[in-house]
Amino acid sequence: MDTNPLLIDGRVHDLGDGFRVRRLLPVLQARHVGPFVFFDHMGPVSLPAGRGMDVRPHPHIGLATVTWLFEGAIRHRDSLGSLADIRPGAVNWMTAGRGIVHSERTPPAEREAGHALHGVQVWVALPAGDEEVAPEFHHHEATELPRIERDGASLTLIAGTAWGERSPVKVYAPMFFIEARLEAGASLDWPPEHAERGVHLIEGGVRWGDVTVPPGQMAVQAGESAPPLRALSPSRVMLFGGAPLDGERHLWWNFVSTRRERIEQAKADWRDGRFDTVPGDELERIPLPER
């Protein structure tokens, strides 16, 4: 990754009903930023009554999945027996470790009434020594997360450390994940303890060094220092990054590992039914892709 900010446009996937997902990481120029190896921006979309999001049970290894919503609700179930509805301001953090299965669906009340859905989902690679930890799921309400006020900026520290604050979310490596709301003209320095960093613009307009970041796009940068982020208009942004990964990762479907043979084992385990099922959502699952 260059020391100058690199602009990333991402790829848009249409899931139907006007529901679009923009995948921003990984890309050829930036396979990871700190421990972040995957970054999706979903929506915004207005789903009519009777329709909803239905991501059937599917497996993960070697990572933590993170859901952060601006609008709407998602019901999480997993093979540990966890059941949690996430709404804006709260965070779902699922550590897959040696293996977990989960589903994500629109809760019944929102499905019946129709609702908007808008948010981001990211994957955080676990350090090589923690890839096979026992799976865990943690739900944190909005009141548990640190709020940071800086000149012209209101920030929520979702995970990791920044400006002397620490989130209660359990992480395995130095990182930060923040939602920031910036007033027009605000200038925001970066947390100094992290060597890799990125910004994803949800709405508004920001400039980072010589790069203007349009809504929906991302910019990433690495180095001992970084120019401040400047808001050209009232803006909402996601800030993220951390220490460089301790080696490259192999990504295939929902699996992340330092070892190709571990991913092959996970593929065989899912194909042959050796992963646990999801209580309350056992009747269907996403099959192993034929690729």
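The values are calculated or read from the model by the stated rules, or taken from the named source; none is laboratory data. Bear in mind that the values here come from a model prediction, so they are computed numbers and not experimental data. Cβ sites come from the backbone with ideal geometry, for glycine too, and all protein chains shown count toward neighbours. Surface areas here come from the heavy atoms of the whole protein model, side chains and all, with no ligands, DNA or RNA. Shrake-Rupley method; radii C 1.70, N 1.55, O 1.52, S 1.80 Å.
Key figures for this structure:
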quantity	calculated
In Å², nearest 10: area of F275 left accessible to a 1.4 Å probe	30 Å²
Accessible area (Å², per residue) of the range 1-118, counting only protein heavy atoms and a probe of 1.4 Å	39 Å²
Surface share of carbon and sulfur [accessible, 1.4 angstrom probe, percent] for the range 72-149	50 percent
Tilt relative to the chain, helix 260-271 - C-alpha long axis, 0 to 90 degrees, to 10	50 degrees
For the range 119-269: accessible area per residue (Å², 1.4 Å)	41 Å²
Net charge contributed by nearby residues that have their C-beta within less than 15 Å of R259 (K/R +1, D/E -1)	-3
Counted charge near R87, where neighbours are those whose Cβ lies closer than 12 Å (Asp, Glu -1; Lys, Arg +1)	-3
Mean separation of Cα contacts under 8 Å, 6 or more apart, over the residue count of the range 116-193: relative contact order %	26 percent
Summed side-chain charge close to P107 - residues other than P107 whose Cβ falls under 15 Å, Lys, Arg +1, Asp, Glu -1	-1
Listed residues A134, N92, L24: farthest to the positive end of the dipole of the chain (Cβ charges)	L24
By accessible area with a 1.4 Å probe, ligands and nucleic acids excluded, highest first: order of S79, S46	S46, S79
Relative contact order, percent, the range 169-277 [alpha-carbon distance under 8 Å, six or more residues apart]	31 percent
Percent carbon-and-sulfur accessible area, the range 211-291, ignoring ligands, DNA and RNA, probe 1.4 Å	50 percent
For D189, solvent-accessible area (1.4 Å; no DNA, RNA or ligand), Å²	90 Å²
Per DSSP, loop trypsin sites (Lys or Arg not before Pro) in the range 157-204 with at most 15 further Cβ within 10 Å	K170
Cα-centre dipole for the chain with unit charges at Cβ (Lys and Arg positive, Asp and Glu negative), debye to 20	420 debye
Average Cα contact separation per residue, the chain, under 8 Å, 6 or more apart, as relative contact order %	22 percent
Computed accessible area, T3, all protein chains, 1.4 angstrom probe, square angstrom	80 Å²
